[in-house]
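Chemist: Would you mind keeping the following structure in view while I ask a few things?
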Amino acid sequence: MIRGERHDGCAIVHVTGEFGGDRLLGLRLRDTIADLALPDPPNVVVDLSEVVSWDARGLGAILATAKRVFAAGGVLKIAAAPDDFSAYCAHARMPWTFHETVEAAVADFRSAR
């Protein structure tokens with residue numbers, strides 16, 4: 001499941017359960033973020049704290065989202081990712097930063113203002 005909210009000038013997208021295996025996952029992630037009326041520039045936190053499994057489709061959905069956010073001059077941060085996801089992304093040099101919690105990611109946005 002994917003749900004979004006606005007908080008302190010950021011879009012926060014919460015992902016729960018299995019993050020992958022669904023060819024429409026990227027579209028659902030995009031639509032959830034689009035429904036949030038993002039700030040300008042878009043600051044997005046993807047919360048993976050309740051993800052129980054992920055696959056290449058989940059990673060691809062985040063990568064496609066990151067490209068859209070970066071193209072609009074924004075920043076994407078990942079919060080509370082599973083260890084194997086973080087390790088894979090670090091090895092692959094994915095273009096986002098990781099934070100232990102959503103609150104830490106939001107605080108990082110606040111400190112950059």
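The values are calculated or read from the model by the stated rules, or taken from the named source; none is laboratory data. Note that the structure is a prediction, hence the values are computed from the model and not measured. A quick note on method: Cβ atoms are made from the backbone with ideal geometry, for glycine too, and the neighbour counts reach across all protein chains shown.
Chemist: Could you say whether any residue in segment 90-111 is of a type in the set (Lys, Arg) and at pLDDT below 90?
Modeler: Taking segment 90-111 and keeping what is of a type in the set (Lys, Arg), we get 93, 110.
Filter once more, so that each one left must be at pLDDT below 90: 110.
Yes, segment 90-111 has at least one match.
Chemist: On to the next question. Any chance you could count how many residues in segment 59-81 are part of a loop (DSSP other than H, G, I, E, B) and in contact with a Ser or Thr (Cβ under 9 Å, 6 or more places away or on another chain)? Outline the logic, then answer.
Modeler: Of segment 59-81, the ones part of a loop (DSSP other than H, G, I, E, B) are 72-74, 80-81.
Okay, now just the ones that are also in contact with a Ser or Thr (Cβ under 9 Å, 6 or more places away or on another chain), so 80-81.
The total comes to 2.
Chemist: Which of the residues spanning segment 22-58 are of a type in the set (D, E, K, R) and either out of contact with any helix residue (DSSP H, G or I) (no Cβ under 8 Å at 6 or more places or on another chain) or outside any strand (DSSP E or B) (or both)?
Modeler: Within segment 22-58, the subset of a type in the set (D, E, K, R) is 22-23, 28, 30-31, 35, 40, 47, 50, 55, 57.
Correct list: Asp22, Arg23, Arg28, Arg30, Asp31, Asp35, Asp40, Glu50, Asp55, Arg57.
Chemist: In addition: Within segment 6-21, how many residues are over 23 Å from Ala107 (Cβ atoms) and not in a strand (DSSP E or B)?
Modeler: Filtering segment 6-21 for residues over 23 Å from Ala107 (Cβ atoms) gives 17-21.
From what's left, not in a strand (DSSP E or B): 20-21.
Residues that pass the stated criteria total 2.
Chemist: Additional query: Do you know which residues across segment 31-64 are closer than 11 Å to Gly4 by Cβ and under 12 Å from the mean Cα position of the chain (by Cα)? Full working, then the answer.
Modeler: First, the residues of segment 31-64 that are closer than 11 Å to Gly4 by Cβ: 31-38, 44-47.
Hits for segment 31-64 are Thr32, Ile33, Val44, Val45, Val46, Asp47.
Chemist: Further question: Identify all residues within segment 71-102 that are under 22 Å from Ala34 (Cα atoms), touching a residue at least 12 places away in the same chain (Cβ under 8 Å) and surrounded by fewer than 17 Cβ atoms within 10 Å (Cβ to Cβ); write none if there are none.
Modeler: Result: Ala72, Gly73, Pro95, Thr97.
Chemist: Looking only at residues in segment 56-66 that are surrounded by 12 or more Cβ atoms within 10 Å (Cβ to Cβ) and out of contact with any Leu (no Cβ under 7 Å at 6 or more places or on another chain), which one is nearest to Asp8 (Cα to Cα)? So that I can check it myself, show each step before the final result.
Modeler: From segment 56-66, those surrounded by 12 or more Cβ atoms within 10 Å (Cβ to Cβ) are 57-66; that's our starting set.
Subset that is out of contact with any Leu (no Cβ under 7 Å at 6 or more places or on another chain): 59-60, 62-64.
Details: Leu59: 26, Gly60: 27, Ile62: 22, Leu63: 24, Ala64: 24 Å.
Only one residue tops the list, namely Ile62.
Chemist: Does any residue in segment 1-28 that is at pLDDT 90 or above and loosely packed, with under 13 Cβ neighbours inside 10 Å come within less than 6 Å, Cβ to Cβ, of a residue that is outside any loop (DSSP other than H, G, I, E, B) and not hydrophobic (A, V, I, L, M, F, W, C) six or more places away or on a different chain, and which pairs are these?
Modeler: Short answer, once both residue conditions are applied: Arg3/His14.
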